[in-house]
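Structure first, then comments.
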Amino acid sequence: MLSTISGTPRSQFSSISLRPGLPLKLASSFAFCRCHNFCVGLVVHWKLTMAQPASLTRIGLAGLAVMGQNLALNIAEKGFPISVYNRTASKVDETVERAKQEGNLPVYGYHDPKFFVQSIQKPRVIIMLVKAGAPVDQTIKTLSAHLEKGDCIIDGGNEWYENTERREKAMSELGLLYLGMGVSGGEEGARHGPSLMPGGSFEAYKYIEDILLKVAAQVPDSGPCVTYIGKGGSGNFVKMIHNGIEYGDMQLIAEAYDVLKSVGKLSNEELQSAFSEWNKGELLSFLIEITADIFGIKDDKGEGHLVDKVLDKTGMKGTGKWTVQQAAELSIAAPTIEASLDARFLSGLKEERVEASKVFKSSGFDEILSDQHVDKKQLIDDVRKALYAAKICSYAQGMNLIRAKSIEKGWDLKLGELARIWKGGCIIRAIFLDRIKKAYDRNPNLANLLVDPEFAKEIVDRQSAWRRVVCLAINYGTSTPGMAASLAYFDTYRRERVPANLVQAQRDYFGAHTYERIDMEGSFHTEWFKLAKQSRT
């Protein structure tokens, strides 16, 4: 606004009131003089930036980074008019322009949160896709100021499940409904069909069930990749564990690549061929597919393949760390996922690793400890089998985490149904998820995927190749922490007796922690130190 017009103080002017929701951008302002009741200095340029809906929209979405934009376009493409809002107005304009270019989709943009909220039919449903933590709380504060009792907010980000439960309680006190919804599939999934994991208010879920069923990925033999997960923060928790499994999956694939490249000396062309072939069988999955694609991409800024120019330093956003923390709190073994997290930590020490390499090379200790020829065909087949067996262990650990938390919180989560909605849309989608679903359908109380008769047979059939790969990697000095941790998990779980008896004896020796016996009931303590002293004399 102008501070003065023809000498009249700014306080005597007010901007024109626009009809709520009118999506217009003013290049300059209307100004009216209250004291003289006439219009002065009127210079107005209207720029129509977006169409106005003929009626209220079905749903709203706040947060228009790429994931938010793509999900909004997906919703609109499925026939649901949607209002969109972002704190940065240019993102709103960008989304509306994309909707126009991608088929004149019914996407309507708003720069003002009040008008945004008022443009949505009641009971209003608004999906947020903003960064986890404080930005979520700020967005809720902005939106809830204009919402009414019975309206609903859905957080579609990767949020810590306890934050979701806190917010659901706070929203309930205001008469608002709240859902925490995991969204998996990345940018492409959001646009064309993600896997959706909504948890929280069942009433809120029913508000938008019709939308989610159409927006989610569609799998021909099992339907839309969405289901009501359960109460509280269950949706966010399940998505978090999904991401933890994803960490393990990606690490195992990276180790397979390293063994084939460093030990087998496979070229990128040979790697692409191997992974493409794997993607036709038991390892058929999104991650194997994109890995094959990566090996075929040439560097557009230089010679050779792009994968060889990518810095060996893996980023992360926190869900893998949360998964490992939950494993510790729930006392659930998750060594494959833990190994994948440690591998990311070590990858981040790039400068230290460069210096360490120099130190050991100067002592004649090369990175690869052997140049002995290996049979490539045999190695490719062995690594395929090892990868599949280790992958089963990673999923088994993730499912056990979900079950343990479900029991603790009373969520009553259905593991077979979770496997079903992960079959399409999400990052860990894989053909063998259908077999995981069937395993839990056969036995909902299955203690571990490893003891399902079908999976048990597959692991037994592949364990020799699995051991060969881990041993070969050790002898060549190539680390396979995920495969080795998975193998140790399998070998420990399958044994009736493990050396924990010695550890417990040690605990009783130095800390009087007591122990149980295998031949009689009760709790026992032995004065080990006194007996040891007597035996020495």
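The values are calculated or read from the model by the stated rules, or taken from the named source; none is laboratory data. Remember, it's a predicted structure, so these values are computed and weren't measured experimentally. When we count neighbours, we look across all protein chains shown, and the Cβ atoms used for this are built from the backbone with ideal geometry, even at glycine. Note: areas computed on protein heavy atoms with side chains; ligands, DNA, RNA excluded. Shrake-Rupley method; radii C 1.70, N 1.55, O 1.52, S 1.80 Å.
Go through I127, I154, I120, I208 for me and flag whichever is more than 22 Å from G244 (Cβ to Cβ), over 23 Å from the mean Cα position of the chain (by Cα) and touching a residue at least 40 places away in the same chain (Cβ under 8 Å).
Just a single option satisfies the conditions, and that option is I120.
Restricting attention to the range 341-394, which residues are β-branched (V, I, T), under 30 Å from A430 (Cβ atoms) and over 26 Å from the mean Cα position of the chain (by Cα)?
Result: V374, I380, V383.
Taking the residues in the range 427-478 that are among the β-branched types (V, I, T) and either in a helix (DSSP H, G or I) or outside the structural domain of L369 (by the TED database) (or both) as candidates, determine which candidate is surrounded by the most Cβ atoms within 10 Å (Cβ to Cβ).
Out of the qualifying residues, it is V469.
Give me the residue from the range 282-300 that is in contact (Cβ under 8 Å) with a residue 24 or more places away in the chain and under 23 Å from T336 (Cα atoms) and, out of that set, most open to solvent (accessible area, probe 1.4 Å).
L284
Please go through the range 440-460 and pick out each residue that is in contact (Cβ under 8 Å) with a residue 60 or more places away in the chain and in contact with a Lys or Arg (Cβ under 8 Å, 6 or more places away or on another chain).
Selection gives F455 alone.
Is there a residue being closer than 29 Å to K385 by Cβ, free of Cβ contacts under 8 Å to residues at least 40 places away in the same chain, buried (at least 22 other Cβ atoms within 10 Å of the Cβ) and outside the structural domain of P123 (by the TED database) anywhere in the range 239-247?
No; the residues of the range 239-247 include none that is closer than 29 Å to K385 by Cβ, free of Cβ contacts under 8 Å to residues at least 40 places away in the same chain, buried (at least 22 other Cβ atoms within 10 Å of the Cβ) and outside the structural domain of P123 (by the TED database).
Of G410, G424, which residue is surrounded by 15 or more Cβ atoms within 10 Å (Cβ to Cβ) and not assigned by the TED database to the domain that holds A216?
It is G424.
Scan the range 154-204 residue by residue and report those that are closer than 28 Å to V324 by Cβ and either aromatic (F, W, Y) or not assigned by the TED database to the domain that holds V215 (or both).
Those that are closer than 28 Å to V324 by Cβ and either aromatic (F, W, Y) or not assigned by the TED database to the domain that holds V215 (or both): W160, Y161, Y178.
Go through the range 34-69 and count every residue that is modelled with pLDDT of 95 or more, in contact with a Lys or Arg (Cβ under 7 Å, 6 or more places away or on another chain) and open to solvent by 10 Å² or more (accessible area, probe 1.4 Å).
Of the residues in that region, 0 qualify.
Looking at R536, R507, R494, which one is exposed (fewer than 15 other Cβ atoms within 10 Å of the Cβ) and either within 29 Å of L260 (Cβ to Cβ) or touching a residue at least 12 places away in the same chain (Cβ under 8 Å) (or both)?
R494
Name the one entry in E338, E329, E303 that is open to solvent by 30 Å² or more (accessible area, probe 1.4 Å) and in contact (Cβ under 8 Å) with a residue 60 or more places away in the chain.
Result of the check over E338, E329, E303: E338.
All but one of (1) charged (D, E, K, R); (2) open to solvent by 80 Å² or more (accessible area, probe 1.4 Å); (3) farther than 23 Å from A439 by Cα hold for D382, so report the exception by its number.
It fails just one condition, (2).
Kindly provide the set of residues from the range 88-117 that are among the hydroxyl-bearing types (S, T, Y) and touching a residue at least 60 places away in the same chain (Cβ under 8 Å), ordered by number.
Once the filter is applied, which keeps residues that are among the hydroxyl-bearing types (S, T, Y) and touching a residue at least 60 places away in the same chain (Cβ under 8 Å), the range 88-117 yields Y108, Y110.
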